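The values are calculated or read from the model by the stated rules, or taken from the named source; none is laboratory data. Computed from a predicted model, the values in this text were never measured in an experiment. Glycine gets a Cβ as well: all are built from the backbone with ideal geometry, and neighbour counts include every protein chain shown.
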Amino acid sequence: QPTTASRFPLLALERGSQSRALLDEVFHKAGVAPRLAMELGSIEIIKQFVEVGFGIALVPAVSVLREAAEGRLATVGASGFEQRAIGLVWHRGRPESPAAAALAQMMREDLCDVKI
C-alpha cells in the first residue's frame, strides 16, 4: 500500500521513465506523498542501494527474483499497482537465435502464466 510505503525512505527511478510515472500516479491517487530518499538511474542501482540499507523500493517483481532467491533482498507483494504484460519479439523472416530461444524458454518457465 502507498500509505505503508510512505513511512520509509523510498528509492525510485529518475523522472521520465514509465515505471516512475506509474509510481508517482499510485502515490498521487492514494493522496500520499512518498518519502523520496533518492532518484537513481536504473533498477540495478536501486537494488544495490536497497541491499546496503538506504531505503525501500517498488520495482517489478521479476527484477529481484535472483536476489530474493539468494536471500539478499526481501520482497512483499504490493497492492495498488498495475501488472504489466511483457513479450518477446524477433524478426519473422530470420531464424530464432540460440540466445532468443533460451530467453523464450526462460520466460515460458519462470515469468508468465501464458505460454509464448
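Could you tell me which residue of the stretch 52-101 is modelled with the highest pLDDT, considering only residues that are acidic (Asp, Glu) and either surrounded by 12 or more Cβ atoms within 10 Å (Cβ to Cβ) or under 18 Å from residue 24 (Cα atoms) (or both)? Show your work before the answer.
Applying the first criterion (acidic (Asp, Glu)) to the stretch 52-101 yields 67, 70, 82, 96.
Filter once more, keeping what is either surrounded by 12 or more Cβ atoms within 10 Å (Cβ to Cβ) or under 18 Å from residue 24 (Cα atoms) (or both): 67, 82, 96.
Numbers: 67: 92, 82: 64, 96: 75.
Residue satisfying both the conditions and the ranking: 67.
Just one of 36, 22, 10 is assigned by TED's automatic domain parsing to the domain that holds residue 62 and buried (at least 16 other Cβ atoms within 10 Å of the Cβ); which is it? The match here is 10. Scanning the stretch 1-51 for residues that are over 23 Å from residue 65 (Cα atoms), outside any helix (DSSP H, G or I) and hydroxyl-bearing (Ser, Thr, Tyr) turns up just one, 6.
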